[in-house]
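Written below as structure tokens is the structure these notes are about.
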Amino acid sequence: MGVVSRGFSGKHFHRPGPELAGRVPPGQYLASGFPVLTAGATQHVSTGQWSFTIRGGTTEARWTWDDLLALPAEEITTDIHCVTRWTKLDTHWTGVPLDTLLAAAGEVPEFALQISHGGYATNLPVSELTGGKAWLVYRYEGEPIAAEHGGPVRMLVPAHYLWKSAKWIRELWLSAEDRPGFWEQSGYHHFGDPWREQRYFND
Amino acid sequence: MTELDANSAAGPLTLLFGRDVTLAVGICAMCGTTGPLGETVMYGPAPGTVLRCPQCSNVLMTIVEAPDRLLATMPGLRLLSVPTGGTS
Amino acid sequence: MAGTAVFQRLTWLPATVADVVTETPRARTLLLAVPGWPGHRAGQHVDVRLTAPDGYQASRAYSLASAPGEGPALTVVRVEDGEVSPYLVDVASPGDRLEVRGPVGGYFVWEPAPPYRPVLLVGGGSGVVPLRAMLRHRARLGDTTPMRLLYSVRDPASVIYRDELVRQADLVTFHYTRTAPPDAPHAPGRIDRATLERTSRPAAEEPIAYVCGPTGFVEHVAALLLDLGYPAPAIRTERFG
């Protein structure tokens, strides 16, 4: 290792101890804060403006903010992993499982592209969004989600690096083709499994 | 407005091109705005550096710094004119 | 334009914090000792990289606050929840080490070179940092290029380089956006056309403007300058956030 900055650690990021060996993916550090990383301007979407549409299934389905809140919600406690090497343990979210939403879309093809306000997009196979692995969340640690963290509603797919959980989610485009999203087109991995360190496109 | 860390893409750009290109002039493929790369709006550097058109926010260029390589795209540039110091 | 078309090898250079100056409760200037520092131009940047003892790394770009001929200095304003700035503002002390890569950037730089044009510097918040390097450069050279700094800042407590700028009262105008001191000649608010017009040399003298700050601030000022008759190429901007 080269030059070490004394005192840069501990406070914000630290290497997990051996007791967390099975819980923190390789190459990750524990974060105490919640860093904000963005590829564009923070989107300020009001709950009145917000809606979510699933296109590409046999039925097109759309929910407003009120529709979403009327659906049965789950409390989720999960670890999140950012490709920039921080991991945050035991984050608490409230939201609706994608299973519930996709059930309204009829028969669906194999791949999904999450589309956000502001033009962000990220892709995953639909099978990664079903089976209790993904949610549309609208509360973080008991509070409405701040705009810089993707509120009012963002995707949460904690089994993948966090760029696979789109902030300011607006639509889900389903198709038979796996189309790359923003970072996938810019050199990041199509699948993004933190346990296999799938960071860059050919990792 | 939230104040962020001061940002500049000059480092990643210099790394990619091997010389300063903040004076290089680009044309936005979306809206046609023409101007030096030094005038673009930069986000990043993590997970990657994103240069956007100051007029229409179109993504002009992305640069991702992996430990062993640079990954670069220029999806929104119709043209990039890089001065070489020669005379015309 | 010396240096713009020359192949530039960029590597991380070890740096040691030589001294620390507290500017405001949220901002500090770090003077760095960098063996092999190639020198820089007024307005350039460096990328700063921090490495934790366990290997975690984070990097950010900062404008150089010092004049050419001085050692590299960074002025950093703490961003709450930021990764790098809280360390640089609250923790780093003389003797601490980090890495820098640069200097970089050839667009937002000022040199007293032909054509000699009057200069208007307009900074918003920490956007004043590269402009301070330009003011210092001019002063160190004893250069007589007409230069004025219009510094837009939230309130008196947020003013960076206060003593240095107050000493140059003939060159520096403070513009407060939220809270103005009792003796301020204007009510707090955004920079308006009249303020810019008072601060700038007339368009007939072909002034050039350097505008640095948050995106919304830069857009606002650039539009006003166009309206005052600055041609677009005479407005150099640098945006952040």
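All of the numbers you see were taken from the coordinates with simple rules; none came from a lab. The shown structure was predicted, so the numbers you read here are calculated from the model rather than taken from an experiment. A quick note on method: Cβ atoms are made from the backbone with ideal geometry, for glycine too, and the neighbour counts reach across all protein chains shown.
List the relative contact order of segment B:2-81 as a percent without decimals, with contacts defined as Cα pairs under 8 Å and 6+ residues apart.
After rounding, I find 27 percent.
Averaged over its residues, how many other protein chain Cβ atoms are within 10 Å of peptide C:188-195's Cβ atoms?
Details: counts 0, 0, 0, 0, 0, 0, 0, 0.
Taking the mean over all residues of the peptide, I get 0.
Which shape class, rounded, prolate or oblate, goes with the protein assembly as shown when its Cα gyration tensor gives a ≥ b ≥ c as root eigenvalues, a/c under 1.5 marks rounded, and past that a/b bigger than b/c marks prolate?
It is prolate, given that a/c is not under 1.5 and a/b is the larger ratio.
Where a ≥ b ≥ c are the square roots of the eigenvalues of the C-alpha gyration tensor, would you call chain B rounded, which needs a/c under 1.5, or, failing that, prolate if a/b is larger than b/c, or oblate?
oblate
Placing +1 at every Lys and Arg Cβ and -1 at every Asp and Glu Cβ, with all other atoms neutral, what dipole size does chain C have around its Cα centre, in debye to the nearest 20?
In debye, rounded to 20, chain C gives about 300.
Evaluate peptide A:184-191: per residue, the Cβ atoms of other protein chains within 10 Å of its Cβ; return the mean as an integer.
Mean shielding count: 4.
Would you please classify the overall shape of segment C:141-220 from the alpha carbon gyration tensor, given that a ≥ b ≥ c denote the square roots of the eigenvalues, rounded means a/c under 1.5, and beyond that prolate means a/b larger than b/c while oblate covers the rest?
Oblate, because a/c is 1.5 or more while a/b does not exceed b/c.
Could you identify which residue out of C:E80, C:E23, C:E111 has the top mean-square fluctuation in a GNM of chain C using Cα springs shorter than 10 Å?
So, out of C:E80, C:E23, C:E111, the one fluctuating most is C:E80.
Using a cut-off of 14 Å between beta-carbons, work out the net charge of the residues near C:V172 (Lys and Arg +1, Asp and Glu -1, C:V172 not included).
Residues close to C:V172 contribute a combined charge of +4.
Between segment A:31-60 and segment C:23-48, what's the alpha-carbon centroid distance in Å?
The two parts, judged by their Cα centres, are 37 Å apart.
Explain nothing, just compute: Karplus ³J(HN,Hα) = 6.51 cos²θ - 1.76 cosθ + 1.60, θ = phi - 60°, for every residue of segment A:126-141 in order, whole Hz, x for Gly and Pro.
So the Karplus estimates, Gly and Pro as x, are 4, 4, 7, 9, 10, x, x, 10, 8, 9, 8, 10, 9, 9, 10, 6 Hz.
Name the long-range amide H neighbours of A:L30: under 5 Å, sequence gap of 5 or more, or other chain; modelled H, no Pro or chain starts.
A:H14, A:R15, A:T87
Per the Debye formula with a single identical scatterer at each Cα and no solvent contribution, what log10 I(q)/I(0) holds for segment A:1-79 at q = 0.13, 0.18, 0.26 Å⁻¹?
Debye output, listed in q order: -0.79, -1.01, -1.28.
If one takes the longest principal axis of the Cα atoms in chain C, at what angle in degrees, from 0 to 90 and to the nearest 10, does the Cα axis of helix C:215-227 lie?
So the helix axis and the longest Cα principal axis differ by about 30 degrees.
Average partner chain C-beta neighbours within 10 Å, per residue of A:38-45?
4
Give the residue list of trypsin sites (Lys or Arg not before Pro) in segment A:14-69 that are DSSP loop and have at most 15 other beta-carbon atoms within 10 angstrom.
In loop regions of segment A:14-69 (DSSP not H, G, I, E or B), the sparsely surrounded trypsin sites (Lys or Arg not before Pro) are A:R23.
Taking the Cα centre of segment C:1-110 as origin, sum charge times position over the Cβ atoms of Lys and Arg (+1) and Asp and Glu (-1), and report the length of that vector in debye to the nearest 20.
Here segment C:1-110 has a charge dipole of around 360 debye.
What is chain A's relative contact order, in percent, from Cα pairs under 8 angstrom and six or more apart in sequence?
22 percent
Report the Stokes-Einstein translational diffusion coefficient (µm² s⁻¹, integer) for chain C, Rh taken as the Kirkwood radius over Cα pairs, at 37 °C with viscosity 0.692 mPa s.
Values: Rh = 18.5 Å.
Reported coefficient: 177 µm²/s.
If I histogram all Cα-Cα distances within segment C:152-193 using bins 10 Å wide from 0, what percent of pairs lands in each bin?
Cα pair-distance distribution for segment C:152-193, in percent: 30, 57, 12.
Counting alpha carbon pairs within less than 8 Å and at least 6 residues apart, what relative contact order, in whole percent, applies to segment C:2-104?
Answer for segment C:2-104 is 36 percent.
Rank by packing, highest mean first: peptides A:32-42, C:185-195, with packing defined as the count of other Cβ atoms within 10 Å averaged across residues.
A:32-42, C:185-195
Determine ³J(HN,Hα), in whole Hz, for all residues of segment A:175-189 in sequence, where each value follows from phi through the Karplus function 6.51 cos²θ - 1.76 cosθ + 1.60 and θ = phi - 60°; x replaces Gly and Pro.
Using θ = phi - 60°, the values come out as 7, 7, 10, 8, 9, x, x, 5, 6, 5, 6, 9, x, 8, 6 Hz.
Taking the Cα centre of segment C:119-240 as the origin and placing charges on Cβ (Lys, Arg +1; Asp, Glu -1), which of C:A234, C:S158, C:L196 is farthest toward the positive end of the dipole?
Selected residue: C:S158.
Taking only Cα atoms and a 10 Å spring cutoff, compute GNM fluctuations for chain B and point out the largest among B:L37, B:L51, B:L16.
B:L16
Within segment C:184-223, what residues put their amide N at less than 17 Å from the label point 7 Å along the Cα-to-Cβ vector of C:A169?
C:184-186
How much of the pair distance distribution for segment C:1-89 lies past 21 Å, counting alpha-carbon pairs only, in percent? It would help to have the intermediate numbers written out before the result.
Values: 1290 of 3916 pairs.
That tail contains 33 percent of the Cα-Cα pairs.
In whole Hz, what ³J(HN,Hα) sequence does segment A:80-97 give by Karplus (6.51, -1.76, 1.60; θ = phi - 60°), x for Gly and Pro?
10, 10, 9, 5, 7, 5, 10, 10, 10, 8, 6, 7, 10, 9, 10, x, 10, x
Among C:A222, C:A67, C:A52, which one shows the biggest mean-square fluctuation in a GNM of chain C, springs joining Cα atoms closer than 10 Å?
Of C:A222, C:A67, C:A52, the most mobile in the Gaussian network model is C:A52.
Listed highest first by mean packing, meaning other Cβ atoms within 10 Å per residue, what order do C:31-41, C:93-103 come in?
Ranked by mean Cβ neighbours within 10 Å, highest first: C:93-103, C:31-41.
Within 15 Å, Cβ to Cβ, of A:A121, how many net charges do the neighbouring residues add up to if Lys/Arg are +1 and Asp/Glu are -1? Working shown, then result.
On the way: positive: A:R55, A:R154, A:K164, A:K167, A:R170, A:R179; negative: A:E171, A:E177, A:D178, A:E184.
It works out to a net charge of +2.
What translational diffusion coefficient, to the nearest whole µm²/s, does segment C:98-181 have by Stokes-Einstein, given a Kirkwood radius computed over alpha-carbon pairs, a temperature of 37 °C and 0.692 mPa s viscosity? Working shown, then result.
Working: Rh = 14.0 Å.
After rounding, the answer is 235 µm²/s.
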